[in-house]
């Protein structure tokens, strides 16, 4: 899914429905608009506002907020609630995200929808809790053990955070998969004027089985790669496990059953990259240099691009809204037309490698990096454009 | 379906047996006791969920015709907490081994007890790690030899029942696989309890338990449970393990408290 734009978009204009809103607040409100009814989390900077807001909102809406004893328990409870039929999410930052990895793999393997919000801060380890970073991009893709697909979204404005958290819930229900929303400390704590009267919030409901219980197979591909999921307690008694399982959900060591399941698991995500992976392109058609950017770094990248255009440099921009699955085809296309690709990111070069791989040597790929908990400023990107 | 034994009604019909458990294992006795407790309470299978962690005991849900989930190691109670809050009217039984509940899942265990969440936790305590080959667990008694304590365990074990009591569980009982009928009653009482109920069951692992006079002999292990446990609190002084209902108290359950909170907040309105 490629959205093409010409020129850059300015800040949202004030209107009757406009509000000054913080990034974390947008995420909490977007989640509720998406149908969130269960939220479990453990305190961590810089994600805290999401939990404190939801602890007020959810009980009033008949939903559940619970502060768990750690991040492992938080995601466990989220998966349990999702099996009970509720839309469920947790929010955390780097150290907590590390603790969640095993259960992310469980949710991917057992195909339980859930949303994990990771407000990135500088790491590794405790790092710099108050400094933004984009160091968890590869962890979001590969953090759990074993092979599995995943969907990871990355907003770059407060308004987009609101929209993408809704999209995250929708994708998690549509594809029966955990979806990770990667934001960062900058986006979490900044406030922007946001117009929230969105054209229409599309909310995807979970597909329920329509067959009688004795015909129900929670992992069957007979009706497509994403089988309907019955909630516990609704008359469909079945088994869920993190072990390799057959179409009924029971552990199996039969290689044909394992292969069938694993193939379907990948097919449902990687086979739908064009539908899932969103990118935004700005002025790439005549560009000989293209900035590939994502998240809050895209804000500086836009600015740098404008400045470069002002001095008649043919610079374009590609913003990855979906980081994973990676949009190989789009990057390869860019690499065919551009000579040089500049990848600014608040880490030591993570998406850079993906861009390099997808470019297949057709363009020079250069990183602009910073991983000390400070944002990349336009000037730093600009100097790479001029180099 | 013709049932050979009443328990069969609660077992899954297809391709599940023989079980993964070794001959002489005590987990089947615990499973039988759970089924009899469910029968005694006349609960519908649709309304029961069984959640387990990892290990030999964690395999139990495969065999039972409930809503079943085999989760990650140590996390069964945390998964069950989410499910219970989503489906407050379901009866949720959580099955864990001693390593699962007290080592990797120890934090979740004490916090489930502190919250007094309306779950029934069965701790199948064989006092070692069975599935991974007989390593010491937090319940291995002092001096007992194990795969990772070839010279005998030098750490003191947890008293699981007392841990549950101290952490705030509303109901705590302990029995053994020798006392199977008593066990049915304790599990049924635990399920009736509005709050966090813990039933610790001492069980035998005839494959990896290394006490010299019991190696490979499940009958010797069951007899040991008969001879070395007591329902008389005064008997504990002589080194015996206390069986019985250790705690049965009225405390507000978490789901009940949350429902009250929701009601009052909704009355006050607001979005």
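Worth pointing out:
- Here the condition is being within 14 Å of another protein chain (Cβ to nearest Cβ), touching a residue at least 40 places away in the same chain (Cβ under 8 Å) and buried (at least 20 other Cβ atoms within 10 Å of the Cβ); of A:153, A:75, A:58, it holds for A:75 alone.
- Elements of the type helices (runs of 4 or more DSSP H) sitting completely within the stretch B:162-271 and holding at least 2 residues that are at pLDDT 95 or above and more than 17 Å from the chain's Cα centre (by Cα): these cover B:218-228, B:254-267.
- Residue list for the stretch A:87-111, filter: outside any helix (DSSP H, G or I) and surrounded by fewer than 24 Cβ atoms within 10 Å (Cβ to Cβ): A:111
- Being part of a strand (DSSP E or B) and at pLDDT 95 or above is a description that does not apply to residue A:19.
- Selection within the stretch A:325-360 - free of Cβ contacts under 8 Å to residues at least 12 places away in the same chain and under 17 Å from residue A:289 (Cβ atoms): A:333, A:356
- Strands (runs of 3 or more DSSP E) fully within the stretch A:203-294 that include at least 2 residues being under 30 Å from residue A:306 (Cβ atoms): A:279-282, A:289-293.
- Test: residue in the stretch A:154-173 that is more than 25 Å from residue A:303 (Cβ to Cβ) and either part of a loop (DSSP other than H, G, I, E, B) or in the same structural domain as residue A:377 (by TED's automatic domain parsing) (or both): no
- Number of residues in the stretch A:338-373 that are part of a loop (DSSP other than H, G, I, E, B) and closer than 17 Å to residue A:303 by Cα: the value is 1.
- Conditions (1) within 14 Å of chain A (Cβ to nearest Cβ); (2) surrounded by 23 or more Cβ atoms within 10 Å (Cβ to Cβ); (3) in contact with a strand residue (DSSP E or B) (Cβ under 8 Å, 6 or more places away or on another chain): number failed by residue B:174: (1)
Rundown of residues vs (1) touching a strand residue (DSSP E or B) at 6+ places or on another chain (Cβ under 7 Å); (2) surrounded by fewer than 24 Cβ atoms within 10 Å (Cβ to Cβ); (3) facing chain A (nearest Cβ under 9 Å); (4) closer than 19 Å to residue B:14 by Cα, yes/no style:
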position: B:55; (1), (2), (3), (4): yes, no, no, no
position: B:63; (1), (2), (3), (4): yes, yes, no, yes
position: B:67; (1), (2), (3), (4): yes, no, yes, yes
position: B:78; (1), (2), (3), (4): no, no, yes, no
position: B:84; (1), (2), (3), (4): yes, no, yes, no
position: B:91; (1), (2), (3), (4): yes, yes, no, no
position: B:94; (1), (2), (3), (4): yes, no, no, no
position: B:97; (1), (2), (3), (4): yes, no, no, no
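- Taken over the stretch A:195-228, residues that are closer than 26 Å to residue A:29 by Cβ, in contact (Cβ under 8 Å) with a residue 60 or more places away in the chain and surrounded by 14 or more Cβ atoms within 10 Å (Cβ to Cβ) amount to 4.
The values are calculated or read from the model by the stated rules, or taken from the named source; none is laboratory data. Given the structure is predicted, the values throughout are model-derived calculations rather than measurements. Cβ sites come from the backbone with ideal geometry, for glycine too, and all protein chains shown count toward neighbours.
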